[in-house]
1. Kindly provide the set of residues from segment A:69-87 that are part of a loop (DSSP other than H, G, I, E, B) and more than 14 Å from RNA strand B (Cβ to nearest atom), ordered by number.
2. Going residue by residue through segment A:577-586, is there one that turns out to be within 15 Å of A:HIS477 (Cβ to Cβ), under 29 Å from the mean Cα position of the chain (by Cα), within 13 Å of RNA strand B (Cβ to nearest atom) and at pLDDT 95 or above?
3. Tell me, which residue of segment A:422-433 that is outside any helix (DSSP H, G or I) and surrounded by 15 or more Cβ atoms within 10 Å (Cβ to Cβ) is modelled with the highest pLDDT?
4. Take A:SER380 and tell me if it is in contact (Cβ under 8 Å) with a residue 40 or more places away in the chain and away from RNA strand B (no atom under 13 Å from the Cβ).
5. Report, by residue number, each residue of segment A:516-550 that is open to solvent by 20 Å² or more (accessible area, probe 1.4 Å) and not charged (D, E, K, R).
6. For segment A:349-356, state whether one or more residues are within 16 Å of RNA strand B (Cβ to nearest atom), assigned by TED's automatic domain parsing to the domain that holds A:ASN133 and touching a Lys or Arg at 6+ places or on another chain (Cβ under 8 Å).
7. Condition check: within 16 Å of RNA strand B (Cβ to nearest atom) and more than 27 Å from A:GLN271 (Cα to Cα). Does A:ASP385 satisfy that?
8. For A:GLN514, only one of the following conditions fails: (1) near RNA strand B (Cβ under 9 Å from one of its atoms); (2) touching a Phe, Trp or Tyr at 6+ places or on another chain (Cβ under 7 Å); (3) over 30 Å from A:LYS443 (Cβ atoms); (4) not hydrophobic (A, V, I, L, M, F, W, C). What is its number?
Amino acid sequence: MNFIVDAAVKAVKALYQADIAAADVNLQQTRKEFEGQVTIVTFPFVKFSRKSPEQTGQEIGAFIQNEVAEVSGFNVIKGFLNIVITDAYWIKQLYTEIASSGFGHFAPNGQKVMVEYSSPNTNKPLHLGHIRNNLLGYSVAEILKANGYEVIKANLVNDRGIHICKSMLAWQKFGHGETPESSTLKGDHLVGKYYVVFDQEYKKEIAELVAQGQTEVEAKKNAPLIIEAQQMLEKWEAGDKEVIDLWETMNSWVYAGFAETYKQLGVDFDQYYYESKTYLLGKDIIEEGLQKGVFYKKYDGSVWIDLTADGLDEKLVLRANGTSVYMTQDVGTAQLKYDQYHADKSIYVVGNEQDYHFKVLFLILQKLGKSWANGLYHLSYGMVDLPSGKMKSREGTVVDADDLMAEMEQTAKIQTEALGKTADFSETDKNQLYHMIGMGALKYFLLKVEPKKRLLFDPNESIDFQGHTGPFIQYTHARIRSVLKRSGFELNGQAATVTELADVELELVLSLNQFPETIAQAAKDYSPAIIANYVYELAKTYNKFYHEKSILQAEDEQSKQFRLTLSAATAKIINKSMRLLGIDVPERM
RNA sequence: GGUUGCAUAGCUCAAUUGGAUAGAGCAACUGCCUUCUAAGUAGUAGGUUCCAGGUUCGAACCCUGGUGCGACCA
C-alpha cells in the first residue's frame, strides 16, 4: 500500500505546501461497514490545511483519485478518508503476489539470532508450563526465520545442583535399583518420582525433629537427608567417581525421556548447553569488572554491583568464599554464546518470575561494556496456573506434559470417530491425524494468548475443538484441500480469469494480503499470538466465502478458475501460518 | 516496605500500537445438511473496558492517584 502513502504525502505537499514523512500517514484497513479498502486518518493534516477534517479529506481524496490509476473512488466519514481501490488491482495482487511461492517469504537479512528456550531441570519431567515455554520458543524461532534471520535454537539444561542430588539420593536410598526398563516408567518420570520421594521423606524427618523440640527452621537445616544431599553435591563438585557415575546414569534416563517429549511436541534444538559445564564460567569476567570499577568488593571479600542509580538494588555477583551465584554463571554463559556465534540478537524465553534477574543481567553486561548486550532480550511469559493455584512439582500438583499430550490425542480420536470421518483411513494415517489434531488444539490454545499474559488451565474443562481453536483452522484447510483435490487444481502460475470481485471474494483477498505484514509484526513483538489470531480471521473469512459461493459449480468457468486460485492461495497461507506456530494441517479430517 | 506485570461480555480471549458504533469463541436461545467436508454457517441476547481525576480533535490504550490479583527484590 506504499503507493497510497506516497500519493498522500504528495497531496499534502501540493495542496498545503507542507512536507510530511511517509510515517506521518496513518494508514489502516477500512472497516467492513464502509466502502473502500484503505483508510487515511485526516486529523493530523488539519493543522496544515486549516480546514475541517471532512473538507481536508475531500481534497486529499480527490487529489489521490486523480493521481493514482488504481484508485476508483473515495468517501469521507467523520474525518476518515476511505479509499476505494479497483477490483483489477486486487485481482492482479492475488495472481502476481499472493499466489506466488515467495509470498510472505523475506529475503535473508544477514542477521543472526539465538533463541534459548526449554531449559529444563533434569530432576523431573516436563509439565504444562514447560510446554508453553517450548511452543513459544519454537514458534518465535520459526517466525524470525520467516523474517529472514538466521536462527540458532539453544537449550540450556540445568543438570546439576542440590535438586538433582535430591533425586539421586532418594533413588539410592529407596529405589531398590529400579531402572526405566525394570519399572516401565519413562526415564524422566522415574527420576521425578524420586524427587517427590525425597520431599516426602524429608518432610517426615522435619516433623520428627520438630516433635523433639526443634524449631521448623532448625529442623529444615538439621534433617539428615538434606545434610546428606549437600554432602553429595560437594562430592559431585570434587569429582567423586561414584557420585558422578550415578549422576550420569540418571541423567541419561532423563535425556531419553526428554527426547521423546520433545519429539511429541515437535520442537528441536541446534545447540545444547549444560550447566554442569558452564557453572564455573563468569568468574574471570567478574575479575575484569572489578578492575574496571564496575563491581566493588565488600569487607568480607564478596563482590557486588551497585545498581541503585538505575532504580534497582545492590546485587551480589560473587560470594565471599569465591563461589558463583546464578548471576555469575549467566554472565559467563552469555559471553560463551557470543564468542561462539556472534549473534546480533539473543533471546531468552524464560518465565516472568525472572524479570528482575534478566534486567540485572543485561544491565551488568552493558556496564561491562559488552557491545552485544543491546541485542539481548528477555521474552517473558506468564505462568500457567491451575484453578488451585501454582503448579508445584514437589507436591505433585502439576499437569504432566506427556499425560496431557496423550489425553489430547485421545480426545481427538474420540471426537473424530464420533464424526465417522476416518473409516477408510489406515491405522497409521489415523494415528497421525489424531496426533495432529490433538496437538493442534493444545498448541493453538497456548499460543493464541499474548505471551506476557498468565494463563489459566482447568484440567476438568477439556480444550475445545470448535470455534476459535486449532482444529477449526485445520478443518478449514482440509476442506479446501478436498475441493482442490476434486478439481485436480494446483497453483501453477495461472493467469487472471475475472475482472470483478464479489464482496466476500474481495474480503478474502484483503485478508490474504495481510500475511506479510502480520509476519513482520509477530517478529517485531516476538508474539506468535499475532499469527494465531490472524490465521483464525483468515479461516473464518474463507468459510464465509465457501458458504456463500459455490466453487466447483460456479456460474461460469472463469469464476470457477478464479475461486480455485483463491482457495489454493488460502490453503497455502493457512498452512504457512500454522507452521509458524509449529502446528501441522491435514489434507483430510 | 520497594520494584514490576496484569485487570475488557457469565467464562476464555481480540481490538491494526491514540482512531469511526469495543469485536470473536465458549456457554444459552433460533434457523440452515438429497448441492464442493455441519469440527461449518446465519442470527438473537450479553459492556460504566476495576475506580477517580488529567492530557486532546479523539483514550480500553498515554500521565497521576487509588483498588484487586500475581511475580520478584530484601
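The values are calculated or read from the model by the stated rules, or taken from the named source; none is laboratory data. In this text the structure is predicted, and so the values were computed from the model without any measurement. Cβ placement follows ideal geometry from the backbone for every residue including glycine, while neighbour counts extend to all protein chains displayed. Heads up: the accessible areas ignore ligands, DNA and RNA and are worked out on the full protein's heavy atoms, side chains in. Shrake-Rupley method; radii C 1.70, N 1.55, O 1.52, S 1.80 Å.
1. If the condition is that a residue be part of a loop (DSSP other than H, G, I, E, B) and more than 14 Å from RNA strand B (Cβ to nearest atom), then A:ALA69, A:GLU70, A:THR86 are the ones that fit.
2. Within segment A:577-586, one or more residues are within 15 Å of A:HIS477 (Cβ to Cβ), under 29 Å from the mean Cα position of the chain (by Cα), within 13 Å of RNA strand B (Cβ to nearest atom) and at pLDDT 95 or above.
3. Once the filter is applied, the top-ranked residue is A:PHE425.
4. For A:SER380, the condition - in contact (Cβ under 8 Å) with a residue 40 or more places away in the chain and away from RNA strand B (no atom under 13 Å from the Cβ) - is not met.
5. Result: A:PRO516, A:ALA520, A:GLN521, A:TYR526, A:ILE530, A:ASN533, A:TYR534, A:TYR536, A:ASN543, A:TYR546, A:HIS547, A:SER550.
6. Looking through segment A:349-356, at least one residue is within 16 Å of RNA strand B (Cβ to nearest atom), assigned by TED's automatic domain parsing to the domain that holds A:ASN133 and touching a Lys or Arg at 6+ places or on another chain (Cβ under 8 Å).
7. Judged against the criteria, A:ASP385 is a match.
8. In the conditions (1) near RNA strand B (Cβ under 9 Å from one of its atoms); (2) touching a Phe, Trp or Tyr at 6+ places or on another chain (Cβ under 7 Å); (3) over 30 Å from A:LYS443 (Cβ atoms); (4) not hydrophobic (A, V, I, L, M, F, W, C), A:GLN514 misses (3) alone.
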